[in-house]
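*Asks:* Handing you a structure now.
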Amino acid sequence: MPFIRLDKLLADMGEGTRSQVKGLIKGGKVTVDGRKVTDSSLKVDTEASSVTVGGRLLNYSTFTYIMLNKPSGVITATRDSREQVVTDLLKPPYSKMGLFPVGRLDKDTTGLLILTNDGDFAHSSLSPKHHVPKTYYVEARGKFSQGITERFREGIVIDGGYKCREAVLKVQELKEDGISALVTVTEGKFHQIKRMFQAEGGEVTLLKRIAFGDIVLDQGLAPGESRPLNEDELKYIYGLKEKG
Ligand code: URA
């Protein structure tokens, strides 16, 4: 950014797969700054050029969206006087794009964190009215009783008396002294998952976010690694943005 290949730009905008958009370009359906272009490799200035497909002006985004596999021990922030922050993990060119994290994971929580420079997206995805589901893998110690799944579904009352929205708990293993499970929540109260398990008399020992809406943590990303969102993931982002 701001210069990217025309075929990549169109694919990123959800106009088709890379080979489909190449077909559109070859077929003379695409103009850049008013001129028909048949070369897919043409570099387009995403900040200045206007691109049409079949006569339709593309309202393409100059925003960037990154998926980071957050490691433990790093703060979800863009700067801190003492500690390492998630944006320190980005490599050029992403480290120079003014990206910030969407939402917050605790210092010891790992997994999927989206970073962007799109304030509108950050706002709409965090808005309580959209209830974006977030799924975590959790391990907790304690003696958990049967019926925990139902209690999560009915709404756990956490400290302070707040009754959480319905959460889906899929128990993977329930032992004498602990539990491992997948839990999906549609809100993001401070330390919410930890407080939900505390309310059940336990203590979270491992917490990893594996999904944010339709966006699932890429298993190929080692802790600390990141990559731009792909076409399908971007479609989900644009859908959320449209909802406002
Ligand atoms: N809930 C928590 O308790 N911590 C996180 O980091 C995310 C959700």
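The values are calculated or read from the model by the stated rules, or taken from the named source; none is laboratory data. This one's a predicted model, so the numbers in the text were calculated from it and none came from an experiment. Here the Cβ positions follow ideal geometry from the backbone for every residue, glycine too, while neighbour counts run over all protein chains shown. With ligands, DNA and RNA removed, areas are computed over all heavy atoms of the protein, side chains included. Shrake-Rupley method; radii C 1.70, N 1.55, O 1.52, S 1.80 Å.
*Asks:* Look through segment 194-208, keep the residues that are within 28 Å of residue 128 (Cβ to Cβ) and in contact with a strand residue (DSSP E or B) (Cβ under 6 Å, 6 or more places away or on another chain), and return whichever of them is nearest to the ligand (Cβ to nearest atom).
*Replies:* 194
*Asks:* Being open to solvent by 10 Å² or more (accessible area, probe 1.4 Å) and more than 16 Å from the ligand (Cβ to nearest atom) is the filter; apply it to segment 107-121 and report the residue that is farthest from residue 240 (Cα to Cα).
*Replies:* Of everything passing the filter in segment 107-121, 117 is farthest from residue 240 (Cα to Cα).
*Asks:* Counting just the residues of segment 202-219 that are in a loop (DSSP other than H, G, I, E, B) and open to solvent by less than 60 Å² (accessible area, probe 1.4 Å), which one comes out nearest to residue 159 (Cα to Cα)?
*Replies:* In this case the residue turns out to be 202.
*Asks:* Of the conditions (1) more than 20 Å from residue 113 (Cβ to Cβ); (2) more than 12 Å from the ligand (Cβ to nearest atom); (3) touching a Ser or Thr at 6+ places or on another chain (Cβ under 8 Å); (4) not hydroxyl-bearing (Ser, Thr, Tyr), residue 211 clears all except one; give me its number.
*Replies:* For residue 211, the exception is condition (1).
*Asks:* OK, next. Does residue 188 satisfy being of a type outside the set (A, V, I, L, M, F, W, C) and at pLDDT below 95?
*Replies:* Against the criterion (of a type outside the set (A, V, I, L, M, F, W, C) and at pLDDT below 95), residue 188 qualifies.
*Asks:* Right, next: Kindly check whether there is at least one residue in segment 71-78 that is away from the ligand (no atom under 16 Å from the Cβ), over 30 Å from residue 136 (Cα atoms) and surrounded by fewer than 17 Cβ atoms within 10 Å (Cβ to Cβ).
*Replies:* no
*Asks:* Residue by residue through segment 220-238, note down the ones that are open to solvent by less than 60 Å² (accessible area, probe 1.4 Å) and under 12 Å from residue 13 (Cα atoms).
*Replies:* Correct list: 229, 231, 233, 234, 236, 237, 238.
*Asks:* Just name the residue that is farthest from the ligand (Cβ to nearest atom) out of those in segment 178-193 that are part of a strand (DSSP E or B) and closer than 13 Å to residue 132 by Cα.
*Replies:* The residue in question is 184.
*Asks:* Condition first: within 16 Å of the ligand (Cβ to nearest atom), at pLDDT 95 or above, more than 26 Å from the chain's Cα centre (by Cα) and open to solvent by less than 30 Å² (accessible area, probe 1.4 Å). Can you find one or more residues in segment 144-167 that meet it?
*Replies:* No, there is no match, as no residue in segment 144-167 is within 16 Å of the ligand (Cβ to nearest atom), at pLDDT 95 or above, more than 26 Å from the chain's Cα centre (by Cα) and open to solvent by less than 30 Å² (accessible area, probe 1.4 Å).
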